[in-house]
Amino acid sequence: ACYDEGKRVAEALFIAYENFNNVDIRIARIFNTYGPYMDPQDGRVVSNFINQALVNQPITVYGDGTQTRSFCYVSDLVDGLISLINSDYKRPINLGNPDEYNMLQFAELVRETIGSNSEIIFCELPIDDPKRRCPDIRLANEILGWAPSIDLKEGLENTVKWYQKILDLAVDK
Ligand code: UDP
């Protein structure tokens, strides 16, 4: 698992730098984050589903859609990062939103938020797609007094507005 190991070794390197070179460090473990200004073409689930629903194209759920993710709105994440920077906590800490949805529920929520009539289609599941991703944020809550405050519905509405604007600009060109 080169992706997982890559992240883990980066944390170990940071701690080594802190110990041997006296570098001031913070280690944030950032979970799925979304919001305006997210690259519409990056192929992640939030941008794909919104792009598809806005033009009534099929929404592509990978696998059977029972895998879960939990999405943190960008301003909540930034608040968490700033709290971490301003703290003196130097060990790994999870930042994310623990509200968990499966991808089928998420597709339905995007469709409902946009009022789209896209159909939902099922496509091949990428290899090594985690079945579940949900941060345990008790530490961040305890140490930083931080917890996300924007729920998925509200965050999605803001995000959709931005994607709609980008789409309108492209059409006007
Ligand atoms: N996914 C999906 N349809 C898409 C893009 C992604 O069903 O068009 C699924 C993907 O298989 C994964 C989840 O959505 O289970 C989140 O994918 P993303 O790449 O956004 O984040 P990550 O897998 O890195 O958590």
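Worth a mention:
- Helix 2-21 axis, angle to the chain major axis (alpha carbon atoms, nearest 10°): 30
- Counting DSSP beta bridges with both ends in the chain, the antiparallel % (nearest 5): 25
- The length gained by stretching the chain between Thr68 and Glu100 to full extension, at 0.36 nm per residue less their Cα-Cα distance, is 10.9 nm.
- For the peptides 151-158, 13-20, residues were scored by their other Cβ atoms within 10 Å and the scores averaged per peptide; the highest-first order is 151-158, 13-20.
- Dividing the summed -39500 (n - 2.57) terms of all DSSP H runs of n ≥ 4 by the residue count of the chain sets its mean residue ellipticity at 222 nm at -15500 deg cm²/dmol.
- For segment 33-85, the list of chymotrypsin sites (Phe, Trp or Tyr not before Pro) that fall in a loop by DSSP and count at most 12 other C-beta atoms within 10 angstrom reads Tyr37.
- Choice from Cys134, Cys72, Cys123 showing the highest fluctuation, given a GNM over the chain with Cα pairs closer than 10 Å: Cys123
- Stokes-Einstein diffusion of segment 1-116 at 25 °C, 0.890 mPa s viscosity, Kirkwood radius from Cα pairs, rounded to a whole number: 149 µm²/s.
- Taking the inverse of the mean reciprocal distance over all distinct Cα pairs, the Kirkwood hydrodynamic radius of segment 124-173 comes to 14.7 Å.
- For the options Gly43, Gly35, Gly96, a Gaussian network treatment of the chain with springs between C-alpha atoms closer than 10 Å singles out Gly43 as fluctuating the most.
- For the options Ala12, Ala28, Ala147, a Gaussian network treatment of the chain with springs between C-alpha atoms closer than 10 Å singles out Ala12 as fluctuating the most.
- Sequence-distant lysines (8 or more away, or on other chains) whose Cα lies within less than 23 Å of Lys90: Lys7
- Annotation: the residues Lys7, Lys131, sorted from fewest to most other C-beta atoms within 10 Å of their own C-beta, follow the order Lys131, Lys7.
- Lysines with Cα under 26 Å of Lys161, excluding same-chain neighbours fewer than 8 positions away: Lys153, Lys173
Every read-out reported here was derived from the displayed coordinates using simple, explicitly stated rules and does not represent laboratory data. Just so it is clear, the model here is predicted, and its values are computed rather than measured. Using ideal geometry, Cβ is built from the backbone for each residue, glycine included, and neighbour counts are taken over all protein chains shown.
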